[in-house]
Structure formats: C-alpha cells, structure tokens
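One structure is given here, and the rest of the page talks about it.
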Amino acid sequence: MYRSIASQKFSKRNSTVLNRKPTFKIKNHSIKVSDSLKILGITIDNKLSWSAHFLTLHAKALFLTSNFNRVVKSKWNMNKNLLKIWYYTVIEKALLYGASVWEGALTKNQIDRLHSIQRIFLLKFTRAFRTSSTNVLNVLTGFPPLHIAAKAEFIKFRIWVNRSNEYNTIFDINLLDKYVPFKNIPSRQKLINLDSKISNADYEKYTDGSRIENETGFAVCILKGEINIQNYLFKLNTYNSVFQAELAAIEFAVNWAVKEKVKVNIHTDSLSSISAVNSANTRSEFVNKVKSNIFKAKNMVGLSWIKAHVGIPGNELADQQAKLAITSGEKFVIPAPYSHLKGLLKNFIVNKWNEYCNSYDSASGIRVRGYINQVSPTFLIHNKFLIYFLSGHGPFPSYLHRFKFLDSPHCICGMLGDADHYIFSRSLTKEFHLIKPADEHKKA
C-alpha cells in the first residue's frame, strides 16, 4: 500500500500517532505499507522527489554494462562506433526511461547521481584512468551528459505530446504536425488500397519532391498522352522534409482531379509515400489528411510507383520541375514533421552541452578545451593513449606524484614529467615526438 505525505500529515493531525506502520489485511492477506511504489518501470516515492527512482538507476546501469564490459575487455575488441550505437540505443534509452516525467524535478544531487551512473559506462568504454573527469570523458567520446539528454526528452514530450507553448522559443507548436489518436481515425480510411492504374484516365500525372541545401519544393506535371499540358510548382518551408513534399504532391494531384472532375493516373518515384498511404498504422495528422483526400477520390485516381532516373520522360520532367520549384515555386504551407523537432533538440543538446563544458574550470577541463573547442555527439576518441594525453591523467610522473605513487613530479631529466613533456620534448621519446602547435592552431 502506498502512503502519500498528505495522508501521513492528516493521520498525525486527526488520530493517534502509531509507533510502527499499521498492518492492513484483505481476506487475511497482509498488505505492506511502503513509502514508494513502482508503476510501469518508474519508482514513485511519497514526496515525489524521484529519489527512490534514481537509486534503482545505478543497479540498472551495472546490469546493462555487464555484457558490455566483457566485450570491451576482449582481445578482438568490437568497433567503437558500434559500441557507441549500443550505448545510444540500449543504455541511454534505459536510463532515460520516464525522463519526460521526472526531469522537470531534477535537483543538483540527482544530476550528480546521473553523472556517476554515466561514468560507469564511460570508464569501461575509454579504459581511462579512474580519476579522469566525467565531463572530460563526455567530450572525448561524444556522449552528452545524461541530465542534458534528459532535458531534451522532457522538452520533446512537452512540445509533441502536451502541445505546451512553454518552449515556443525552440519551435512554435502551431507550425508542428501532431499525432492523431487511432480512435479518431475513421476505420474505412485507415487502410486504403488504390488501383495502380485506372482505365480510361483523362490525364497522366507525374509528381516529385526535392530538397537542396535545406530548401524543399515539389512539382506536379500533367500530361495528356505524351504532351505536357501544365506544371504546378510549389515551394515549402525549410523545415519540411522530402517525404512530406512527395506526399503533398500526391495530395495536390488528387485534389486537382476532384476539382476538375476528371480521372487521372498518378505516378511517383517515392515508395515511402505509397507505403504511408497504404499503412493502417499512420498517426501523423498531415499523412491522415492526405489519406482522407485520397479516400474521397478513390474511384477517380490510380496511384503507382515508378523507378526514378531510368529515362521515363514524365518522371524526368517532374524531377526537373521539383528542383526548379525550390527557387521559383508558389508558397505552400504544411506542418513541420516530427523529425524537424528531433533535429532542433539535437542542436539544443549541443548548445547546452557547450555551455556546461565551458563552465567546467578544472585543470583537465581547461586542458581539453585547449585542444577541442566545440563538443559534438559525432566526436569519438577511443585511443587510450590519446585520452591519457588530452586529459592529463596517465602514467606520467606529474600525475602519479599527485596521488602519492611517486616522490617527485619530475622526469629523470629534471623537467616536469607531464604529458606535454613526453609528447613534445623528452629526448628518449624523440622518435615519437609531435610538433607542438601554436596556441592559435591548437584546437581541433
């Protein structure tokens, strides 16, 4: 049984204070009174502080990294890029489960707890010295700090699911597509099976979408026999995708046929668009609007896929006109896709991560910033010797002296035995020396 703080305070005001927790029974089965409750994988405590949930994350991290640790220690050693994918798709997803709920109440202690949990994986991944800074390892491996990734998940939930305008500085929710509950989609419109070609069609239509340098457009070319009688060119917003452009082109062709009361065969080289139209599991409001218009014109249009760039005159014409639409097409407005929001949040993570990294003023943090001035999720240094050099935490006399393993921080030559000394100036390592870069050329 779960006891809230409010119920406990009420019991103290209005009844005798119990020396022990009461025992409840239902049909002689005792029910344990607990200060926390686990629901759908999230542990909720009676103070709604999420402390109990964070206690479970450490054990979960150890469990998740147990197999990973065996792979890292193996002699053949799996490709580090694959291990990075493993982290993003398995470990981070598991640790951030429910972040859309608990991130809004994070405290500094809980953020530190997330760092210590992520540190378990970072040390195994890099094989760095255990004293290496978590923030430095984040930068060198390209793994964003968990609290920043959790914040992005929280914002995504607030914008996409709750439709909150709290984060309109990131993106205006009024311009964003949304999911439609399945129960609100008419059953007959969920699954649409169009004929690939209808007989006695008045026109053949070729549609295509194009995106060049963040600009998107689409074109609809109308042919009577082999004669091109008209072309429609439209330019979309920079946030629209090629997939949306292809679907918008099909929708325009369908609406034109309904308006003109003619039969048409529509040809597209976008297999993903046809799959979306035929799918019964589509939840996008924009895609379902396209399906609704197609359903209304079911007996008037045929929809078929054709292979691109194989010399079909109508397809080549549509491809050329779609590229032209990017610069000279008429403005056409459709909502931004979910993928655009995800892209914005990736930029949000990088910006917040840069701010967080620049505020870290430890010696190793300053040293890494001297060589790497911008964090990036695509960045990855997995060579342990390079990690020793960049972090300054390695088998160097200056480092070992800090932790009382050596009596002196100096090399036997009398110079300070730090990483720079062995890489740039030590005579016995001359054949491995690198040219010391000037300060203005130091950063990656």
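The values are calculated or read from the model by the stated rules, or taken from the named source; none is laboratory data. From a predicted model like this one, the values you see are computed outputs, not experimental measurements. Neighbour counts run over all protein chains shown; Cβ positions are idealised from the backbone, glycine included. Just the protein is used for accessible areas: all its heavy atoms, side chains included, with ligands, DNA and RNA removed. Shrake-Rupley method; radii C 1.70, N 1.55, O 1.52, S 1.80 Å.
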In the range 302-314, is there at least one residue being touching a Lys or Arg at 6+ places or on another chain (Cβ under 7 Å) and open to solvent by less than 30 Å² (accessible area, probe 1.4 Å)?
yes
Taking the range 139-170 and keeping only residues that are of a type in the set (S, T, N, Q), open to solvent by less than 30 Å² (accessible area, probe 1.4 Å) and part of a helix (DSSP H, G or I), one is left with 141
If you take just the helices (runs of 4 or more DSSP H) that sit entirely in the range 329-394, which of them hold at least 1 residues that are under 25 Å from residue 152 (Cα atoms)?
338-358, 363-371
Anything in the range 9-42 that is over 30 Å from residue 99 (Cα atoms), at pLDDT 80 or above and in a loop (DSSP other than H, G, I, E, B)? List them, or say none.
27, 28
Please name all residue pairs, on different chains or six or more residues apart, with Cβ atoms under 8 Å, provided the first residue is in the range 102-129 and is outside the structural domain of residue 400 (by the TED database) and the second residue is assigned to a loop (DSSP other than H, G, I, E, B) and open to solvent by 60 Å² or more (accessible area, probe 1.4 Å).
105/48; 123/130; 125/382; 126/382
Search result, residues across the range 197-221 that are touching a Gly at 6+ places or on another chain (Cβ under 6 Å), part of a loop (DSSP other than H, G, I, E, B) and either open to solvent by 30 Å² or more (accessible area, probe 1.4 Å) or closer than 16 Å to residue 315 by Cβ (or both):
197
For the range 270-313, the count of residues that are outside any loop (DSSP other than H, G, I, E, B), among the charged types (D, E, K, R) and in contact with an Asp or Glu (Cβ under 7 Å, 6 or more places away or on another chain) equals 1
What number of residues within the range 371-408 are over 17 Å from residue 132 (Cα atoms), among the polar types (S, T, N, Q) and under 28 Å from the mean Cα position of the chain (by Cα)?
4
